[in-house]
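The values are calculated or read from the model by the stated rules, or taken from the named source; none is laboratory data. Bear in mind that the values here come from a model prediction, so they are computed numbers and not experimental data. Ideal geometry is used to build each Cβ from the backbone, glycine not excepted, and the neighbour counts take in all protein chains shown. We work out accessible area using only protein heavy atoms, side chains counted, and drop any ligands, DNA or RNA first. Shrake-Rupley method; radii C 1.70, N 1.55, O 1.52, S 1.80 Å.
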2 protein chains.
Amino acid sequence: MRIGIIGGTGREGRGLALRWAAKGHDVVLGSRDATRAQDKAREIAAELAAGSGTISGGSNEEAASAGEIAVLTVPYAAHEETLKSLRAALAGRILVDITVPLKPPKVTQVQLPPGSAAALEAQALLEPSTRVVAALHHVSSAHLGDPGHAIDCDVLVCSDDEAAREAVMGLLGDLGLRGIDAGVLRNAVALESLTPVLLHINRKFKTNAGIRITGVP
Amino acid sequence: MRIGIIGGTGREGRGLALRWAAKGHDVVLGSRDATRAQDKAREIAAELAAGSGTISGGSNEEAASAGEIAVLTVPYAAHEETLKSLRAALAGRILVDITVPLKPPKVTQVQLPPGSAAALEAQALLEPSTRVVAALHHVSSAHLGDPGHAIDCDVLVCSDDEAAREAVMGLLGDLGLRGIDAGVLRNAVALESLTPVLLHINRKFKTNAGIRITGVP
């Protein structure tokens, strides 16, 4: 599958690209600075084994329109502006929003955004034909970027569109992660607000905490 | 220790009373209907082994003022009214608020209350000398009420008062649970909103889901 990663030159983008390409997917890293994305893509692609998918770089527009599914990994401060500029490019596609509305420097405290959740704000900013899925808020980018690391963390996945959620859960499996249906998109409030709690735990215990849902077969 | 349970005649109250009394604590179950609480207390106490603490019943005021720590287990619809009536009784004490602001029948969807979290609303309604601690939102009352059941669930614990949080974490250990410091009281938003997600998972998988925090030593 062809997957675009908007704002893909950061730590999350690197880990996602490496793991997805290793499973044969073709990944397009996007950035406001397309040259930077191309450099980054070449750098990451050099780590791939023979037989993997490809990693290329381009503009955020190119990443958004690369395939059926695009992933958004920008800081919350750039969330609204980025989405407004990609409204047309994302029409008819699935957008996986992994944004957490952190307010530095108080990143260990829940800060509800005006629309209650970044994912709800995204859906309101985008065309109705763009199906927003919220996921991947709790996986440490340090763990994600080490393809040999078995990640001890489940991924809660919210969406108002059943087929979009299922498609994303399949891609999570290719990252080595278990996706769990967490209900409607509104439940992204819970997912996003749990991240500051995990950051508090990380700071206190000097760790990279994750979550597991127990009792699920 | 003497522990009061406000609204203690429900399923949570029964499980907490059984497990704490078995560890030697003296529990006071409170209800708007003191006679009902007395009956319930006798019924639960009959299940205790010799050498356990005691379980008695009384009014919510008696439960609130029974000891240093009181636990609030009422439906969200009764949250504000109950707290207003106990303002004086709870002054100077620790209140463990386990309330989840569910809006039946949509209990599998996050519904943020006007004050963002029931625990924040509680702190605003009560005297500043009452230290509110948010905890126990994710433990299934079915599992809690079966004292032989080893519960596969961590308890995230929020408070703005370090000593109050520590005291509550100790009591969680007596329930057979691991308490984890989840930061400031504002982080109760995350704890409370995760419960509808777990209820969604329960409904979908016909289970009693819980959570574990991974990576914590």
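Things worth noting here:
- Taken over region A:193-217, the criterion of being closer than 20 Å to B:ALA188 by Cα, of a type outside the set (A, V, I, L, M, F, W, C) and out of contact with any Asp or Glu (no Cβ under 9 Å at 6 or more places or on another chain) is satisfied by A:SER193, A:THR195, A:PRO196, A:ASN202, A:ARG203.
- Residue in region B:105-114 that is surrounded by 23 or more Cβ atoms within 10 Å (Cβ to Cβ), touching a strand residue (DSSP E or B) at 6+ places or on another chain (Cβ under 6 Å) and either at positive phi or at pLDDT 95 or above (or both) present: no
- For region B:1-32, a residue qualifies if it is acidic (Asp, Glu) and either within 23 Å of B:ALA78 (Cβ to Cβ) or modelled with pLDDT under 95 (or both), and exactly one does: B:GLU12.
- Any hit, region B:33-44, residues being farther than 28 Å from B:LEU102 by Cβ, modelled with pLDDT of 95 or more and surrounded by 14 or more Cβ atoms within 10 Å (Cβ to Cβ): yes
- Residue match in region B:145-161 (condition: part of a helix (DSSP H, G or I) and either modelled with pLDDT of 95 or more or more than 9 Å from chain A (Cβ to nearest Cβ) (or both)): no
- Every condition in (1) surrounded by 21 or more Cβ atoms within 10 Å (Cβ to Cβ); (2) more than 8 Å from every other protein chain (Cβ to nearest Cβ); (3) assigned to a helix (DSSP H, G or I); (4) among the hydrophobic types (A, V, I, L, M, F, W, C) holds for B:ALA142 except the one numbered (1).
- Members of region B:162-217 that are touching a residue at least 60 places away in the same chain (Cβ under 8 Å), of a type in the set (Lys, Arg) and either part of a helix (DSSP H, G or I) or open to solvent by less than 20 Å² (accessible area, probe 1.4 Å) (or both): B:ARG186, B:ARG203
- Listed by first and then second residue, the pairs linking a residue in region A:105-116 that is under 15 Å from A:ALA190 (Cβ atoms) and at the interface with chain B (Cβ under 8 Å from one of its Cβ atoms) to a residue that is outside any loop (DSSP other than H, G, I, E, B) and open to solvent by 40 Å² or more (accessible area, probe 1.4 Å), with Cβ atoms under 7 Å apart and 6 or more places separating them unless they lie on different chains, are A:VAL110/B:ARG186.
- Residues located in region B:5-32, provided they are open to solvent by less than 60 Å² (accessible area, probe 1.4 Å) and farther than 23 Å from B:SER140 by Cβ: B:GLY24, B:ASP26, B:VAL28
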